[in-house]
1. Can you find a residue that is facing chain B (nearest Cβ under 9 Å) and surrounded by fewer than 23 Cβ atoms within 10 Å (Cβ to Cβ) anywhere in region A:47-56?
2. Go through (1) within 11 Å of chain B (Cβ to nearest Cβ); (2) assigned to a loop (DSSP other than H, G, I, E, B); (3) acidic (Asp, Glu); (4) buried (at least 16 other Cβ atoms within 10 Å of the Cβ) for A:GLU163 and report which single condition fails.
3. Could you give every pair whose Cβ atoms fall below 7 Å, whose first residue belongs to region B:25-36 and is buried (at least 16 other Cβ atoms within 10 Å of the Cβ), and whose second residue is assigned to a helix (DSSP H, G or I) and of a type in the set (A, V, I, L, M, F, W, C), counting only separations of at least 6 or pairs across chains?
4. I'd like to know if region A:93-114 contains one or more residues that are of a type in the set (S, T, N, Q), in contact with a helix residue (DSSP H, G or I) (Cβ under 9 Å, 6 or more places away or on another chain), away from chain B (no Cβ under 11 Å) and closer than 29 Å to A:PRO10 by Cα.
5. Could you list, in sequence order, all residues of region A:89-111 that are crowded, with 20+ Cβ neighbours inside 10 Å, under 17 Å from the mean Cα position of the chain (by Cα) and assigned to a loop (DSSP other than H, G, I, E, B)?
6. Any residue in region B:129-145 that is within 14 Å of chain A (Cβ to nearest Cβ), crowded, with 23+ Cβ neighbours inside 10 Å and over 14 Å from B:PRO41 (Cα atoms)?
7. Going by the structure shown, is A:ARG74 modelled with pLDDT of 90 or more and away from chain B (no Cβ under 13 Å)?
8. Output the residues belonging to region A:112-142 that are at pLDDT 90 or above, within 18 Å of the chain's Cα centre (by Cα) and surrounded by fewer than 21 Cβ atoms within 10 Å (Cβ to Cβ).
Amino acid sequence: MPEPSLNPDPLLHVRGLAFARNDEPVFGPLDFALDRGETLLVEGDNGSGKTTLLRTLAGMLPPSAGEIRFDGQRISRDAIAGRMVFLGHHPGMKSDLSPCENLMFLSGLYSAREGVDIESALARVDLAAYAHTPLRLLSAGQKKRAALARLALLSGELWLLDEPYANLDRHGIELVNALISMHCARGGATLLTSHGAVRFADPNARHVRLELGTESTVRE
Amino acid sequence: MVALVQSETTVQTPGALTAARALLRRELLLAWRRRNDALFPVLYAIIVTALFPFALGPEPQLLARVSGGVLLVTVLLAMLPTLESMFRGDLEDGSLEQMLLAPQPLALLALARIAGYWLSTTLPLIVVAPLLALLLHLPLDVLPVLLAALLLATPLLALLGAVLAALTAATRRSAILLALMLLPLAVPVVIFAAGAVAAAQSGLPHSAPLLWLAAALVLALVLAPLACAAALRIAVET
């Protein structure tokens, strides 16, 4: 007997999504679905529109065509309501504050995951020793880890990660992969971009390769 | 199996007031870390005020007569260069994206940001205002009216400036643009605030201009954060 699913709609469903800046097409039209427990890797060269796609999906840019559905609803601020964790190019953290203080601010805005506090989130990204050092004194890789700590701390179901591997060493890359597999196993979904230079390996996740450019393709 | 895991993510979202408090706390912490920056507007105001006796001559009567207006314009000018960066840093380091995507009313976050700005940048100016008044021979019994006028006028200017700072956050060289847009808007504020001080100096009733300022402040407290939020959403689009 097939078990009736509580969530018949995929977490993220994109139909005919296109974005144009000053009538110049940036990407699209794109069609894809991202369900719980899945990981979607967006690949493309520099300037191919990966970041623009992520910002469009996060609702920060209005698409020029198509529609985005999040958990069955047309995307809006209420539909997302903190269920999305966005990690952009910029760390989204204040360089004069320590990782601990930055995360304290974020946990005032977003709901934190149950049983996870700031210390354990920082320990998860191997930054416990630098919890109280101002961010500007940390290396680029450590700053990236501080930004990644929000993935361990916050409870959002959909992760939108823009170049999460940038500036990271081998252990850092493994850390990102481990965080993503954990998130998938918990039923979360991840959409990440990469310029393709990093070996991305997670045997449990469905991989959809999305190549952006003038001719956008979706490959399973 | 996936459906079973869903129940884990039902964690309470922090309330809007918690979020506003978290932002205000962050702002004050940042201001404390960069506390030397708060000195610049204060030093600027002191130096500009000290120039007036040199330029106009040291007659106490003349200085006392212009002191209210001079002080208000000086405080306004001291605020101008600091207003521009109100949302700039948050836009550049990605903090604004995090605030935008948070399940919190952006207008309330903007209000908390403006409150943080007022406490860290403008309040020091009000604290030194009695010293500036002394430099210009303002009669001591008028000092409470001056402070009341500043306490009403500066938040109003901060709120107006915040809307313009949000509108120009994504543009380069926005400092002069912001000044050009804010100064006309500041005219009524200066008229009422300086009017109250002048009225008190000549022994006339001064509560009417102060009440007008208070009414405008209440209006701005409600409307400016909403306008800020709309402008910030546009700033993130570019």
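The values are calculated or read from the model by the stated rules, or taken from the named source; none is laboratory data. Because the structure is a prediction, the values reported are computed rather than measured. Here the Cβ positions follow ideal geometry from the backbone for every residue, glycine too, while neighbour counts run over all protein chains shown.
1. Filtering region A:47-56 down to residues facing chain B (nearest Cβ under 9 Å) leaves A:55.
Adding the requirement that they be surrounded by fewer than 23 Cβ atoms within 10 Å (Cβ to Cβ) leaves A:55.
Scanning region A:47-56 turns up at least one residue that is facing chain B (nearest Cβ under 9 Å) and surrounded by fewer than 23 Cβ atoms within 10 Å (Cβ to Cβ).
2. All conditions are met except number (1).
3. Final answer for the pair search is B:ARG26/A:PHE105; B:ALA31/B:ALA38.
4. Quick first cut of region A:93-114, residues of a type in the set (S, T, N, Q) only: A:95, A:98, A:102, A:107, A:111.
This time we only want the ones that are in contact with a helix residue (DSSP H, G or I) (Cβ under 9 Å, 6 or more places away or on another chain), so: A:95, A:98, A:102, A:107, A:111.
Subset that is away from chain B (no Cβ under 11 Å): none.
Taking every residue of region A:93-114 in turn, none turns out to be of a type in the set (S, T, N, Q), in contact with a helix residue (DSSP H, G or I) (Cβ under 9 Å, 6 or more places away or on another chain), away from chain B (no Cβ under 11 Å) and closer than 29 Å to A:PRO10 by Cα.
5. A:PRO91, A:GLY92, A:MET93, A:TYR110, A:SER111 - these are the residues of region A:89-111 that are crowded, with 20+ Cβ neighbours inside 10 Å, under 17 Å from the mean Cα position of the chain (by Cα) and assigned to a loop (DSSP other than H, G, I, E, B).
6. No, the conditions are met nowhere in region B:129-145.
7. Details: modelled with pLDDT of 90 or more: no; away from chain B (no Cβ under 13 Å): yes.
Against the criterion (modelled with pLDDT of 90 or more and away from chain B (no Cβ under 13 Å)), A:ARG74 does not qualify.
8. Across region A:112-142, the qualifying residues are A:ARG124, A:GLY141.
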